[in-house]
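This report refers to the structure that appears directly beneath it.
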Amino acid sequence: MQKLLLIASTLILLCNLAYTLYRLGSGRVRPGRSNLGALGAAFILLSADLWLRGQVQRSCPINSLFDVMIFMAWSTTLIYLLVGSAYRLSLLGAFTTPLVLLLLLTAEFAPIDRSPSIRAMREPWIEFHASLSLIAYGAFALAGLAGAMYLLQDRQLKKRKGGMLLYNLPPITDLGVANTRLICLGLILLTIAFAAGFLSGMQVNTIKFWTSATIWLAYALIIVLRQVHTLAPRRTATLSLAALVFILITLPTIQHFSTPK
Amino acid sequence: MTILCAGINHRDAALEIRERFAIGNHELKETLNNLQAIEGLSGAVVVSTCNRVELYASSINPTPVMDAIRRFLKSRTSGLEAPFYTEDSLPSVKHLFRVASGLDSMVVGETEILGQLKQAYSAAAQHGATNTHLNKLFQHAFRVAKQVRTETSITRGATSVGSVAVDLAGKIFGDLGGRKVMILGAGDTSERVARSLVTRGVRTVIVANRTFDRAGALADQIGGLAVHFEHWHTAFDEVDILICSTAAPHPIVTREKLEPILRRHSERPLFIIDLAVPRDVEASVNELENVYLYDIDSIEEIARQSLNIRQAEIARCEVLIDTHVANFMHWMRNHPNPSR
């Protein structure tokens with residue numbers, strides 16, 4: 001059943017991606033509603049999958065890299081539905097769909113660990129810490145996507161050629177604001193998650209600790225520099241995109257060192 | 001029942017002729033009364049805009065009714081003949097659907113005409129001058145226009161310097177409410193662009209011109225402030241949009257001058273519209289972070305692109321319209337009798 005739910009959500013997002021590319025390629029109207037609909041449907045299916053796997057594992061289903069990938073796909077979709085649609089940034093859904101698809105396809109087809117192995121996860125504070133960290137990563141993912149859109153719109157405006165992308169992407173000022181606020185949201189969630197981890201008294205591997213701390217410090221530094229106007233919106237966008245790539249690369253490492261040996 | 005159409009538009013006649021046919025709001029009631037007095041006429045809608053004066057009517061005796069309409073129009077214009085009359089439903093219906101969709105407009109794809117048609121229909125309906133066929137026809141025309149707009153790119157992009165500038169400003173700032181504009185050189189085009197921006201909510205306009213009186217006059221007209229040309233950079237700190245159109249032979253806004261100002265600009269983007277020839281703004285200014293510089297060539301190129309896109313969409317619009325015309329004609333065949 002869980003497999004069917006994952007396949008269904010992947011297929012919905014694949015169809016939506018193809019439709020979006022077709023609409024954009026043919027210069028037709030922007031595909032806002034289809035993205036919202038597809039991501040909404042994927043969210044329901046992924047929620048059902050997480051619930052079913054949570055029942056089986058009797059804990060929050062983030063006990064293997066496979067679980068983590070699915071949970072992050074779910075949290076990215078959640079943040080899009082909660083925050084992304086509130087900003088009403090056109091095409092944010094079109095940028096979110098490929099990232100969620102990448103996470104789902106990696107989970108389903110990449111040779112990664114699928115067996116739930118972290119028995120220590122039964123501790124509520126640790127579960128809270130891990131799940132909230134992944135939701136924070138969802139906010140950082142959205143911030144990275146808003147950053148990518150900012151850079152693309154900046155390029156379109158600098159090129160002075162007009163064109164479909166310029167008209168379909170949101171105003172660059174709105175993208176800059178959304179980028180910073182999403183980083184703030186992610187940072188607040190990650191701080192709470194780290195506090196929960198600290199309260200639980202959990203034993204943390206040194207590599208995992210420093211990787212996570214680097215991510216937290218990087219985002220905290222971005223926000224501080226933004227607040228004191230040292231970091232321009234363009235650089236903030238570039239850094240948030242780079243940080244997203246770093247998170248995606250280090251996610252397996254963090255998960256690997258979360259597994260008790 | 002037949003749908004008739006008669007009138008004049010920008011394709012057939014110059015403004016001087018069109019204005020003689022124009023039917024002002026104060027004359028509308030009387031015009032509709034006169035049309036309703038025509039024997040055999042079941043309903044009428046009068047559309048009078050700056051680009052067209054058109055009468056849509058329905059009748060079971062189209063030829064005598066059209067003759068009466070012809071006489072009526074002649075009497076209003078001291079003998080001028082309106083250039084087009086269609087006594088058949090098919091071309092009349094198709095014409096209205098094309099008008100509603102903006103295909104018959106001077107700027108293809110413009111959307112103002114739909115609002116004007118809705119007003120004309122609403123006025124006729126309030127006056128009791130419409131019947132079932134005209135009600136159905138106009139409701140259908142509004143649906144066609146909506147579908148054409150949403151399913152094609154006929155309304156996409158801006159097609160004039162002013163509207164391109166407003167569109168670009170929207171893509172940089174989003175909401176223009178509260179933004180500050182500076183005009184360097186009070187030319188006609190810069191005035192038009194500034195006016196377009198003011199209609200979209202721009203808060204303050206500062207005008208700097210070599211002739212201070214001219215700056216003062218323009219500032220008064222658009223509700224702005226005039227400053228001496230030599231002091232433009234001192235008033236620049238909170239400016240979001242700079243419109244340049246001086247007759248200076250060399251760039252007056254250089255990278256060297258702008259960089260220290262931008263350091264005080266608090267990360268807000270700066271949109272520069274350089275309408276001057278030779279250019280007022282050094283091209284390298286566009287390389288500065290958060291600065292977006294558009295000269296007259298780039299703005300006109302964007303306007304041309306939009307027009308080309310709209311032209312290319314006409315065929316798709318016509319296909320949609322033909323389908324709706326066929327549907328409406330089918331309905332007409334099934335409802336041949338007049339009714340209120």
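The values are calculated or read from the model by the stated rules, or taken from the named source; none is laboratory data. Not measured: the values here are computed from a predicted model. Cβ placement follows ideal geometry from the backbone for every residue including glycine, while neighbour counts extend to all protein chains displayed. What goes into the accessible areas is simple: the full protein's heavy atoms, side chains included, and nothing from ligands, DNA or RNA. Shrake-Rupley method; radii C 1.70, N 1.55, O 1.52, S 1.80 Å.
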Net charge contributed by nearby residues that have their C-beta within less than 12 Å of A:Leu231 (K/R +1, D/E -1) = +1
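Net charge near B:Cys244: determine it from the other residues with C-beta under 12 Å of the C-beta of B:Cys244, scoring Lys and Arg +1 and Asp and Glu -1. Present the calculation step by step, with values, prior to reporting the outcome.
Numbers: positive: B:Arg279; negative: B:Asp274, B:Asp280, B:Glu282, B:Asp295.
Computed value for this residue: -3.
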Amide H neighbours of B:Leu270 under 5 Å, counting only residues 5+ apart in sequence or on other chains, H built in-plane at 1.01 Å?
-> B:Val291, B:Tyr292
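Would you kindly calculate the translational diffusion coefficient of chain A, applying Stokes-Einstein with the Kirkwood radius from alpha carbon pairs, for 20 °C and a viscosity of 1.002 mPa s, and quote it in µm² s⁻¹ without decimals?
Translational diffusion coefficient: 114 µm²/s.
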What list of ³J(HN,Hα) values in whole Hz, one per residue of the range B:88-105 in order, does the Karplus curve 6.51 cos²θ - 1.76 cosθ + 1.60 (θ = phi - 60°) give from phi, with Gly and Pro shown as x?
-> 9, 5, 4, x, 5, 5, 4, 4, 4, 5, 5, 4, 4, 7, x, 6, 9, 7
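Please compute the contact order of the range B:223-288 in relative form: average sequence separation of alpha-carbon pairs under 8 Å and at least six residues apart, divided by the residue count, as a percent. Walk me through the numbers on the way to the answer.
Values: 68 pairs, mean separation 28.6, N = 66.
Reported relative contact order: 43 percent.
Which trypsin sites (Lys or Arg not before Pro) in the range B:250-314 sit in a loop by DSSP (not H, G, I, E or B) and have at most 10 other Cβ atoms within 10 Å of their own Cβ? Intermediate values should be presented prior to the final figure.
Details: sites: B:Arg255, B:Lys257, B:Arg263, B:Arg264, B:Arg279, B:Arg304, B:Arg310; in loops: B:Arg264, B:Arg279.
Within the range B:250-314, the qualifying trypsin sites (Lys or Arg not before Pro) (loop, at most 10 other Cβ atoms within 10 Å) are B:Arg264.
Can you give the FRET efficiency for A:Ile112 and A:Ala232, using 1/(1 + (r/R0)^6), R0 = 41 Å, r = Cβ-Cβ distance, to the nearest 0.05? Numbers along the way, then the final one.
Numbers: r = 38 Å, r/R0 = 0.93.
Rounded to the nearest 0.05, the efficiency is 0.60.
At a probe of 1.4 Å, how much accessible area disappears from chains B and A on forming the pair, both sides counted, to the nearest 100 Å²?
Working: alone 15900 and 12730 Å², together 26280 Å².
In total, this chain pair buries about 2300 Å².
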In Å², what does the accessible area per residue of chain B work out to with a 1.4 Å probe?
-> 43
Under a point spin-label approximation (7 Å from Cα along Cα-to-Cβ), what is the B:Ile60-B:His250 distance to one decimal in nm?
-> 8.3
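First obtain the Kirkwood hydrodynamic radius of the protein assembly as shown from its Cα pairs, then insert it into the Stokes-Einstein equation at 25 °C and 0.890 mPa s, and state the resulting D in µm² per second as a whole number.
On the way: Rh = 28.4 Å.
In µm²/s, the coefficient rounds to 86.
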Could you run the Karplus curve 6.51 cos²θ - 1.76 cosθ + 1.60 with θ = phi - 60° over the range B:222-239 and give me ³J(HN,Hα) per residue in whole Hz, x for Gly and Pro?
-> 9, x, x, 10, 9, 10, 5, 4, 5, 9, 4, 6, 6, 9, 8, 3, 9, 6
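How big, on average over all directions, is the shadow cast by the Cα convex hull of the range A:91-231, in nm²? Display every interim value, and only then the final one.
Details: hull surface 43.4 nm².
Mean shadow area of the hull around the Cα atoms is 10.8 nm².
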Using alpha-carbon positions, what is the distance between the centroids of the range A:164-213 and the range B:190-229, in Å?
-> 44
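Could you give the alpha-carbon Rg of chain B over 2.2 N^0.38 Å, rounded to two decimals? Mind dumping the intermediate values first?
Numbers: Rg = 25.4 Å, N = 340, 2.2 N^0.38 = 20.2 Å.
My calculation over the Cα atoms of chain B gives 1.26.
Cα-Cα over 20 Å: which of B:Lys118/B:Lys171; A:Lys158/B:Lys171; B:Lys29/B:Lys136; B:Lys29/B:Lys74; A:Lys159/B:Lys171; B:Lys29/B:Lys94?
From B:Lys118/B:Lys171; A:Lys158/B:Lys171; B:Lys29/B:Lys136; B:Lys29/B:Lys74; A:Lys159/B:Lys171; B:Lys29/B:Lys94, over 20 Å: B:Lys118/B:Lys171; B:Lys29/B:Lys136; B:Lys29/B:Lys94.
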Where labels lie 7 Å past Cα in the beta-carbon direction, separation of B:Gln36 and A:Ile7 in nm = 6.8
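Scaled to the compact-protein estimate 2.2 N^0.38 Å, what is the alpha-carbon radius of gyration of the range B:1-110, rounded to two decimal places? Can you show the working numbers first?
Numbers: Rg = 13.2 Å, N = 110, 2.2 N^0.38 = 13.1 Å.
For the range B:1-110, the normalised Cα radius of gyration is 1.00.
Per-residue ellipticity at 222 nm for chain B, helices alone: DSSP H runs ≥ 4 residues times -39500 (n - 2.57), over residue total, nearest 500 deg cm²/dmol? Display every interim value, and only then the final one.
Values: 11 runs with 165 residues, N = 340.
When only DSSP H runs of four or more count, the value is -16000 deg cm²/dmol.
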